[in-house]
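What follows draws every value from the coordinates through simple rules; no lab data is involved. This structure is a prediction, so every number in the text was calculated from the model and none was measured. Here Cβ is always computed from backbone atoms with ideal geometry, including for glycine, and neighbour counts include all displayed protein chains.
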Amino acid sequence: MSGIKLLGTGSAVPSKVVTNDDLAKIVDTNDEWISTRTGIRSRRYCAEGESHTSLCLAAARQALERSGVKPEEVGVCIVATLTPDYLTPAAACLLQRELGLSEDTVCFDLNAACSGFVYALHTAECLLAAAPRKYGLVLGAEVLSRITDFSDRGTCVLFGDGVGAAVVEWRAGYPSLHAVLGCRGNDEVLYAPGVHSDRPSYIHMDGQPVFRFAVEAVPRCAREVLSKAGLGLEDVDRFVFHQANQRIIDFAVKKLGIDPAKCTGNIEHTGNTSAASVPLLLDELITGGELRSGQRALCVGFGGGLTWAGALLELA
Ligand code: UT7
């Protein structure tokens, strides 16, 4: 058996807090609808002087510092994102320069939408097995406010900006993530056109089919990870599900028959931050003392693609 453990996390959220009441001033919505249908009360947006790059740098520095890992010890750096500042250079390449990672560090961005961070964790686990240096820096980073259509009340109330970072270490003898990744190609119910498309580059989502997909995918993926690991639901200390909608999480909790206290989230003050959602929650749980050394977190992401990804992450 070989795999990765989580050494430390970091996070960075922009300074501007946007409440449901703030959004009600620009679209036909209200706090009651948003909070009861989604669980969201506020989210953060990048303001002047804040960017994808600046948030990535802050979160990565914090994760490295808390892990006691030096930049030159990192072998792989992956940023999961669909909203980088540049299509090229990758956000990970900018981190290489700003953090002073070695030039032979494998640096790239990965787009698996809201499943991106878990896709990136698994990718890092595979790459670190072959890398000369066994520490990985993995980020989930989004500035979704840049691709939000503020005339569409069905989507603009959902999204937020933020970055979560994790430092992992690969060792022979460490447990595998037992990752389960998947995709069911679909560009109809959830998509954000690229810059060369003749359609506007905003996020488009047909909420109900995506909701139905999510409530099926999350429990299925969680069970598949555990079956691969030969473990049961009782062996999991924390369930860290993508924060897309509190009702999706409540459905998954019920379907799996797990204790809701092991599945608390942060959607109330983050909104849906896509690839950043799982690492932001991991960081919040760890800094709040709710997830500790030696414990296991079952992380599940789902969303655009349509993709899903689950992994069992143990804290060193
Ligand atoms: O992160 C990637 C994965 N994403 C997801 O997993 C999201 C999955 N989908 C969802 O979470 C939910 O479908 C939404 C939160 C997006 C929407 O909730 P819903 O319960 O599915 O609402 P709906 O789209 O069926 O709309 C119900 C009603 C409609 O009005 P009528 O036609 O019944 O009169 C909408 O026009 O609510 C209306 N509505 C709103 N009303 C006030 C839609 N958005 C709003 C709004 N404020 N912001």
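Couple of notes before you dig in:
- When +1 charges are put on Lys and Arg Cβ atoms and -1 charges on Asp and Glu Cβ atoms, the dipole computed for the range 183-305 relative to its Cα centre reaches about 300 debye.
- Per-residue [θ]222 nm for the chain (sum of -39500 (n - 2.57) over DSSP H runs n ≥ 4, rounded to 500): -10000 deg cm²/dmol
- Computed Rg/Rh of the range 1-144, alpha carbon atoms with Kirkwood Rh: 1.05
- Sorted by Cβ neighbour density within 10 Å, fewest at the top, the residues SER2, SER51: SER2, SER51
- Each Cα pair under 8 Å and six or more residues apart adds its separation to the average, and for the range 180-315 the resulting relative contact order is 35 percent.
- Peptide packing: for 255-261, 300-306, the average count of neighbouring Cβ atoms within 10 Å per residue gives the ranking 300-306, 255-261, highest mean first.
- Assigned charges on the beta-carbon of Lys, Arg, Asp, Glu; the chain dipole about Cα centre (debye): 660 debye
- Gyration tensor verdict on the chain (Cα atoms; rounded if a/c is under 1.5, prolate if a/b is larger than b/c, oblate otherwise): oblate
- Mean separation of Cα contacts under 8 Å (6+ apart) over length of the chain, as relative contact order %: 27 percent
- Each Lys or Arg adds one and each Asp or Glu takes one away; over the other residues whose Cβ falls under 13 Å from the Cβ of ASP22, this sums to +3.
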